[in-house]
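The values are calculated or read from the model by the stated rules, or taken from the named source; none is laboratory data. Keep in mind the model is a prediction, meaning the values are calculated, not measured. Virtual Cβ from ideal backbone geometry, glycine too; neighbours counted across all protein chains shown. When the accessible area is computed, the model is the full protein with side chains, heavy atoms only, and any ligands, DNA or RNA have been set aside. Shrake-Rupley method; radii C 1.70, N 1.55, O 1.52, S 1.80 Å.
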Amino acid sequence: MTKHSLRDFRENFMKSLFLIGGIGTLLILLLIFAFLFAESFNFFKTYDFWDFLTGTEWKPGASPEMFGLLPLLAGTAAVTVGAIIPAVPVGILSAVYISELAGPKTADILKFAVELSAGIPSVVLGFFGMIHLVPRIQSVFDLTTGQTALTGSIILAIMALPTIISVSEDAISSVPAALKQGSFALGSNHWQTIYKVILPAAVSGISAAVILGIGRAVGETMAVMMVTGNMAIIPGSDIFLSSVRTVTATIALEMGEVAKGTEHYYALFTIGAVLFVITIGINKIAEAVKRKHKQVT
Amino acid sequence: MKTLKIKNKKIVKTFAIQLTALLSVLLLVFSGIGCLGQNAGDSSVVLSGSTSVLPLAQTLSETYMNAHNETLLSVKGGGSGTGIAELIDGSNDIAMSSREIKDSETADANAKGIEPVEYEIAKDGIAVIVHPSNPVSRLTLDQLQKIYSGEIKNWKDVGGEDAEIAAIARDSASGTQEFFNEAVMNGTEFRADLITQAATGAVTQEVTQNSKAIGFVGAAYQSNSIKTLGIETNETTVMPTEENILSGVYPLSRGLYLYTDKNPKQEALDFIRFILSADGQKIVSETGYAPVN
């Protein structure tokens, strides 16, 4: 083998390695997609599509069995919105502080803390919530139980924060220094520069951060299941102070006992498919935002 | 141009060869991993299912493994339904269950060539638990049913303080839940605002910290941080003591079961024999359950 062909060999070997990786990911995704939707299709053979989509009761034990999506969707929406409301401002402010205001040492410490908190397993947070948060929420608001949407939201906010902070921080740091210097040269102070120049220039990355945070909240299962009480009912006006059940928690709670091939089994796959669609939707929105506001670099 | 074409052809050929080589290597590696898993599986016994049986199975397996180094027992929860489903799928060796196997499950198992064999290893009572500060100390089965169906919503209706009841139950994979449903609910539906927990430990945790809560757990989960209610039948109040559970006086008594295939692993069979032996049954009694032998 000449030197030349040896190089070709290496080149092609690596190429095929990467190709297999790429195709593998795609294949797995396609398989999941096909599997989920095939099982959902089986569900709609016996259960009316509109009854599922607009049903207000999820009662797999009742006769006839009721599989209404709305209470679960309401639960997921409540904990997600409740998590995002505090997590977004806190996250963006922290990111601005780390990349613009803090000294290099403080920034390093903060960055380290953020990375570390991203690595806390969700079950640990859930356990913390169950022991410390649930009783406090109950006594503060004088409730029947402290296992509420709010409790889930707080845990989710803690979980979404590291994602929001680190992605926003990346976006803010990659705003070119020339823009900032130009703004200073025109006489703006630091606050004006952050508010009028840096944040608008980084809006694409910051939006991506927020959307990733939402995605994290929608998909989280364990921590939420441990603290929200899992009542499959549509909450009333006190939505954040009532117990709710999320889509993911329903799958986790019920998949254990469900017999293969029953309507209930297919129903769980169908809500899995609903989650899949929500995730795709969130990603599409993130892409659209990115296209609309190009990151200034 | 011509030489380039030839070279391209050669590249394509070597590429194809490399791809095949790579795939076969991957195949070898994965089949190797598969073999490893199988070898490990041969000397180990997997138990899964009811979280009511879990504490007992854990204590039993620890004692058993101390005496039998060669056997590796792995015990995990999941709920009775999960355990039996895994037995049917062949992903465990012994299913733990706090209810008897259903006809539909036996049929599923038979369809897959598995014939479940039942071993009753202990008797257990379901303890109805409340917060220690709750003044209520006993309920009738009828009151219990009304609380869980949502007919009774306030503690004052059963002799307690004026406070809303937080009714806690398990998820539907739980054998305790299923037993409670049969023994107490009499076909009525559970209330819609039922707090559902994924494990018995989560039920006791919430009852420990919530003065308005009521829950039900296996008798072995009773502790000082929660208060067990007596069940009132015919003017007398019975507590879930070992004696009352064994004699059947306590109305919420049930058997705890292990299920295996008709031809289980020798190690699994040896373990079950140990559980049913005098030594094993002594542990059953020490762990808070009632022995069967």
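Karplus couplings for the stretch B:57-72 from phi (6.51 cos²θ - 1.76 cosθ + 1.60, θ = phi - 60°), rounded to Hz, Gly and Pro as x?
Karplus values, whole Hz, x for Gly and Pro: 4, 5, 4, 4, 5, 5, 4, 5, 5, 4, 8, 10, 4, 6, 9, 10.
Based on Cβ point charges of +1 for Lys and Arg and -1 for Asp and Glu, what charge dipole magnitude is obtained for the stretch A:52-296 about its Cα centre, in debye rounded to the nearest 20?
Values: 14 positive and 14 negative charges, 160 e Å.
Approximately 760 debye in magnitude.
In a Debye calculation with equal point scatterers on the alpha-carbon sites of chain B and no solvent, what is log10 I(q)/I(0) at q = 0.14 Å⁻¹?
Calculated log10 I(q)/I(0) at the listed q: -1.01.
Among the listed pairs A:LYS45/A:LYS284; B:LYS76/B:LYS227; B:LYS123/B:LYS146; A:LYS260/B:LYS146; A:LYS111/A:LYS290, which have their C-alpha atoms separated by more than 31 angstrom in this model?
As for pairs spanning more than 31 Å Cα to Cα, those are A:LYS260/B:LYS146.
For chain B, give the magnitude of the charge dipole about the Cα centre (Cβ charges: +1 Lys/Arg, -1 Asp/Glu; no others), in debye to the nearest 20.
Values: 24 positive and 35 negative charges, 466 e Å.
Computed charge dipole of chain B: roughly 2240 debye.
Mind checking the per residue accessible area of the stretch A:3-43 for me, 1.4 Å probe, whole number of Å²?
Working: 3180 Å² over 41 residues.
Counting only protein heavy atoms, the per-residue value for the stretch A:3-43 is 78 Å².
Counting only heavy atoms of the protein chains, get the accessible area per residue of the stretch B:122-196 (1.4 Å probe) and round it to a whole Å² value. Mind showing how you got there, number by number?
Numbers: 2730 Å² over 75 residues.
Ligands and nucleic acids excluded, the result is 36 Å² per residue.
Can you give the net charge of the other residues whose Cβ lies under 11 Å from the Cβ of B:MET185, counting K and R as +1 and D and E as -1?
Net charge around B:MET185: -1.
Which distance in Å, rounded to a whole number, links the C-alpha centroids of the stretch B:134-148 and the stretch A:235-297?
37
Just name one of A:PRO71, A:SER122, A:LEU143: the one whose Cα is farthest towards the positive end of the charge dipole of the stretch A:52-296 (beta-carbon charges, Lys/Arg +1, Asp/Glu -1).
Working it through, the farthest residue towards the positive pole turns out to be A:SER122.
Using protein chains only (no ligands, no nucleic acids) and a 1.4 Å probe, work out which residues of the stretch B:167-189 have their accessible area cut by at least 20 Å² relative to the chain alone.
In the stretch B:167-189, residues shielded by partner chains: B:ASP171, B:SER172, B:ALA173, B:GLU189.
Each residue of the stretch A:44-52 in order: what ³J(HN,Hα) in whole Hz does its phi give by Karplus 6.51 cos²θ - 1.76 cosθ + 1.60, θ = phi - 60°, with x for Gly and Pro?
Those phi angles translate into 6, 5, 10, 10, 5, 4, 6, 4, 5 Hz.
Using the charge dipole of the stretch A:52-296 (Lys, Arg: +1 at Cβ; Asp, Glu: -1 at Cβ; taken about the Cα centre), state which of A:ILE206, A:VAL134, A:THR248 has its Cα farthest towards the positive end.
With unit charges placed on the Cβ atoms, the residue in question is A:ILE206.
What ³J(HN,Hα) values, in whole Hz, does the Karplus curve 6.51 cos²θ - 1.76 cosθ + 1.60 give for the stretch A:151-159 when θ = phi - 60°, with x put for Gly and Pro?
4, x, 4, 4, 4, 5, 4, 4, 6
Going by average Cβ density within 10 Å per residue, which order do the peptides A:221-230, A:144-153, A:127-136 take, highest to lowest?
A:144-153, A:221-230, A:127-136
Tally Lys/Arg at +1 and Asp/Glu at -1 over every other residue whose Cβ is under 14 Å from the Cβ of A:PHE18; what's the total?
The answer is +1.
Which aspartates and glutamates have a Cα less than 15 Å from the Cα of A:LYS180, not counting those fewer than 8 places away in the same chain?
Cα-Cα hits under 15 Å: A:GLU100.
Considering amide H positions built from the backbone, and no H for Pro or chain starts, which residues 5 or more places from B:GLY150, or on another chain, come under 5 Å of its amide H?
Under 5 Å from the amide H of B:GLY150 lie the amide H atoms of B:ARG191, each far enough along the sequence or on another chain.
Around B:ASN92, which amide H atoms from residues at least 5 apart in sequence, or from another chain, sit under 5 Å from its own amide H, with H modelled in the peptide plane?
B:LEU87
Buried by at least 10 Å² relative to the chain on its own: which residues of the stretch A:218-246 qualify, computing accessible area with a 1.4 Å probe on protein heavy atoms?
A:MET225, A:GLY229, A:ASN230, A:MET231, A:ILE233, A:ARG245
Under a point-charge model restricted to the Cβ atoms of Lys and Arg (+1) and Asp and Glu (-1), what is the dipole moment magnitude of the stretch B:124-253 relative to its Cα centre, in debye to the nearest 20?
240
Please compute the contact order of the stretch B:149-293 in relative form: average sequence separation of alpha-carbon pairs under 8 Å and at least six residues apart, divided by the residue count, as a percent. It would help to have the intermediate numbers written out before the result.
Working: 135 pairs, mean separation 26.1, N = 145.
Here the relative contact order equals 18 percent.
Would you mind telling me the share, in percent, of accessible area of the protein assembly as shown contributed by carbon and sulfur at probe 1.4 angstrom?
On the protein assembly as shown, the fraction of accessible area on carbon and sulfur atoms equals 63 percent.
Measuring from centroid to centroid over Cα atoms, what is the spacing of the stretch B:236-293 and the stretch A:79-116 in Å?
54
In percent, how large is the relative contact order of chain A, given Cα pairs closer than 8 Å and 6 or more residues apart?
Reported as a whole number, the value is 25 percent.
For Cα pairs less than 8 Å apart in space and 6+ apart in sequence, what is the mean separation divided by the residue count of chain B, i.e. the relative contact order in percent?
Rounded, it is 25 percent for chain B.
With unit charges on the beta carbon (Lys/Arg positive, Asp/Glu negative), name the residue among A:SER5, A:TYR47, A:ALA102 whose Cα is farthest towards the positive pole of the charge dipole of the stretch A:1-137.
Result: A:SER5, furthest along the dipole toward the positive end.
With solvent modelled as a 1.4 Å probe, how much accessible area in total do chains B and A shield from it at their shared surface, in Å² to the nearest 100?
2700
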